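Working notes for the structure below.
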There are 2 protein chains.
Amino acid sequence: MQTELSGQLGIERAVFGFTPFPAVAAAISRAGGFGVLGAVRYTAPDDLRRDLDWLDAHTGGRPYGLDVVMPAKKVEGVSEADVEAMIPEGHRRFVRDTLAAHGVPELADGEASGWRITGWMEQVARTQLDVALDYPIRLLANALGSPPADVVARAHDRDVLVAALAGSARHARKHQEAGIDIVVAQGYEAGGHTGEIATMVLTPEIVDAVDPLPVLAAGGIGSGRQVAAALTLGAQGVWLGSLWLTTTEADLHSSALTRKLLAAGSGDTVRSRALTGKPARQLRTAWTDAWDDPAGPGTLPMPLQGLLVAEALSRIQKYEAEPLLGTPVGQIVGRMTAERGVQEVLDDLTRGFEEAVDRINRIAGRSGPS
Amino acid sequence: MQTELSGQLGIERAVFGFTPFPAVAAAISRAGGFGVLGAVRYTAPDDLRRDLDWLDAHTGGRPYGLDVVMPAKKVEGVSEADVEAMIPEGHRRFVRDTLAAHGVPELADGEASGWRITGWMEQVARTQLDVALDYPIRLLANALGSPPADVVARAHDRDVLVAALAGSARHARKHQEAGIDIVVAQGYEAGGHTGEIATMVLTPEIVDAVDPLPVLAAGGIGSGRQVAAALTLGAQGVWLGSLWLTTTEADLHSSALTRKLLAAGSGDTVRSRALTGKPARQLRTAWTDAWDDPAGPGTLPMPLQGLLVAEALSRIQKYEAEPLLGTPVGQIVGRMTAERGVQEVLDDLTRGFEEAVDRINRIAGRSGPS
């Protein structure tokens, strides 16, 4: 499974794995894929440094990357406290009432919320970047919008490829104009922030729009057949996030959440603004239902919604409030039915890919192994 | 491009084309695909007979099929007038006001509404079926739910294969239990009635769920790469509807609508209840916006919505009220940028398919033509 891009990066399989867990990222790279660590959770530079130290020591010398969330538009002189002050009291009350209705306990005094999303804010993302560029990362991905020009320049100075996620051909062309090297075409069925256009339509559209830039397909990919389909559509690799959540190397800090993921079908996700204020696909839960209910107060715009719900999500996770417990995940969750190791997942993808190629060759009437 | 199913039907390419236009259906079959005429518009049996006579005479002896809309659940003793009486006056006023706001003239006295959707009603669909079974159709497709048992039996008595559309694995298994022969997996990105699950996820899910029944993939397919991807996912063929709307053989009765289709991008459709009361993907227009506006009265359930808007749609179409003018169409509308003949469309699909197979073989490291 070799494309121009996988050859350039020196990896054996054109499978890019995005994950918040260093152990998963390391295992993906060790198994011949390309592990990409999500940095959004790291608000303290030392925490990121510690995990990058570990990651760098455990990839067996294989390449890996980092994913940050850096808005191209700068909001000057706005602190987290300023943003907090913009949240209406009625919304805070709705959070308290919803948690109380499900009997979710408070955090202990002084206990920090483990689930901060201030990584969305530019000053935090820039600190992450400063840390990351001390490491031999090969790829820097930006999950939201085009990265700022100086960031692209700094990455290129260090021979780091820059990728950015896009949900439309227009976004992808904007990224191209910003000088990035790889577009991740993120389809409607993907976990996390998505647009409305499905992978089957979006992938070739973006491939054509940014040619000759390489495109990775994201969304709806969790089997070798789907990897083969995405590459058939013109992608130079696949970008998988959801599939790793139920690997044995992942640490969701909640066996209840793992059970929910393993039980969920492809129809059990929803594209909701409940998490960040922008539409993001996630498990459908009593929590997303409450926010999406027309009778409720509705969600706030990014970044207010994320700040509003950060502590609540920590409490839901810590006390495993099952009806409310969720996570960003794509429609592919229906294929995640057993905990497996990363190596086994990648081997299955490769085997399924080869079988799918056999199949399409038979349909095309080409000779080949069958 | 040969699968078990295309071999069984004796067609050269595993491309099934659904269309309301006999000239398009005939051209698809003549060009080696499989043309399927949509019957929902035919409320008068003689009209259907006239068009099937023509179709049968113009396929050059190649096989073709018919698509009806037949609910499995029977509503006994309910007439169209009974259903009409259930429509609230406020909704009728909203229709009148919306048309008036855009200056759409009334139909002339006695002028029939050309766009009736009473084909949704079972008695009409049964009449269509009685007509169709006088012709050597090879396939009977049902667009909404499983066909009734007696219909499946009558079709099988005449060696007619029965297909049904499904938007989830659960629906597909219900169809299988009803004794049908082919499942059309209709993804979120498709035109017309769709569920939430995208083609990339839905196709393999349904292939696995109903194995060994053959599955056709629908939704997001408008190029040879997409045909190849769908077959790679395990489908035994593709089911295309939108792509034919801008062929030279199609007759939309509105050059303004054709222009709108050619200009639309993949982001210019919406999944709305405005047309029938169930979510159906269509061009986004001022008309769908009005129905989807939370400030409006909202849509009525099927079949009320369809009856409510039937005359309005005729007026919008007849007077080419451009901001309101729409049609069911999938996200693939972004690839429909020029009027072309059906034969050329099919030749392009085949050429693109072969190139995509070349590509995936290079990625898989298999020798082959390149």
Roughly how many Å² is the accessible area per residue of the range A:4-363, as a whole number, for a 1.4 Å probe?
37 Å²
In square angstrom and rounded to 100, what buried accessible area do you get between chains B and A, total over both, with the probe at 1.4 Å?
3800 Å²
Across the range A:4-363, how many lysine pairs, 8 or more apart or on two chains, come within less than 25 Å at their alpha-carbon atoms?
8
When the expected Rg is taken as 2.2 N^0.38 Å, what fraction or multiple of it is the alpha-carbon Rg of the range A:1-106?
1.53
Antiparallel as a % of all DSSP beta bridges within the range A:4-363, to the nearest 5?
20 percent
Cut-off 9 Å between beta-carbons: net charge of the residues surrounding B:Gly32, Lys and Arg +1, Asp and Glu -1
+2
Label 7 Å beyond Cα on the Cβ vector: A:Asp348 copy-to-copy distances, nm
3.9
Can you send over the carbon and sulfur percentage of the accessible area for the protein assembly as shown, probe radius 1.4 Å, protein chains only?
50 percent
Using a label point 7 Å beyond Cα on the Cα-Cβ vector, give me the inter-copy distances for A:Thr337 in nanometres, one decimal, shortest first.
4.1
How big is the range B:4-363 by the Kirkwood estimate over distinct Cα pairs, in Å?
20.7 Å
Please state the relative contact order of the range B:4-363 as a whole percent: Cα pairs under 8 Å, 6+ residues apart?
19 percent
Measuring label to label, 7 Å along Cα→Cβ, what does A:Pro301 give against each other copy in nm, shortest first?
3.9
Mind listing the phi-derived Karplus ³J(HN,Hα) values for the range A:202-214, rounded to whole Hz, using 6.51, -1.76 and 1.60 with θ = phi - 60°, and x for any glycine or proline?
5, 4, x, 5, 6, 3, 5, 5, 10, 2, x, 4, x
Cα lying deepest toward the dipole's positive end in the range A:221-370, options A:Gln343, A:Val270, A:Leu231, charges on Cβ:
A:Leu231
Filtered GluC sites (Glu not before Pro), the range A:25-99: DSSP coil and at most 14 other beta carbons within 10 Å:
A:Glu76
Suppose we flag trypsin sites (Lys or Arg not before Pro) only when DSSP calls them loop and at most 13 other Cβ atoms lie within 10 Å. Which is the longest uninterrupted stretch of chain A?
A:75-370
Give the Debye-formula value of log10 I(q)/I(0) at each listed q (0.11, 0.15, 0.16 Å⁻¹), with one equal scatterer per alpha carbon of the range A:240-341, two decimals each.
-0.32, -0.59, -0.67
Assign one of three labels to the range A:175-319, namely rounded, prolate or oblate, based on the Cα gyration tensor with a ≥ b ≥ c the square roots of its eigenvalues; rounded applies when a/c is under 1.5, prolate when it is not and a/b is larger than b/c, and oblate otherwise.
prolate
If r is the Cβ-Cβ distance from A:Ala286 to B:Asp289 and R0 is 30 Å, what FRET efficiency results, to the nearest 0.05?
0.45
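The values are calculated or read from the model by the stated rules, or taken from the named source; none is laboratory data. Given the structure is predicted, the values throughout are model-derived calculations rather than measurements. Using ideal geometry, Cβ is built from the backbone for each residue, glycine included, and neighbour counts are taken over all protein chains shown. Quick note on the areas: whole protein, heavy atoms, side chains included, nothing else; ligands and nucleic acids left out. Shrake-Rupley method; radii C 1.70, N 1.55, O 1.52, S 1.80 Å.
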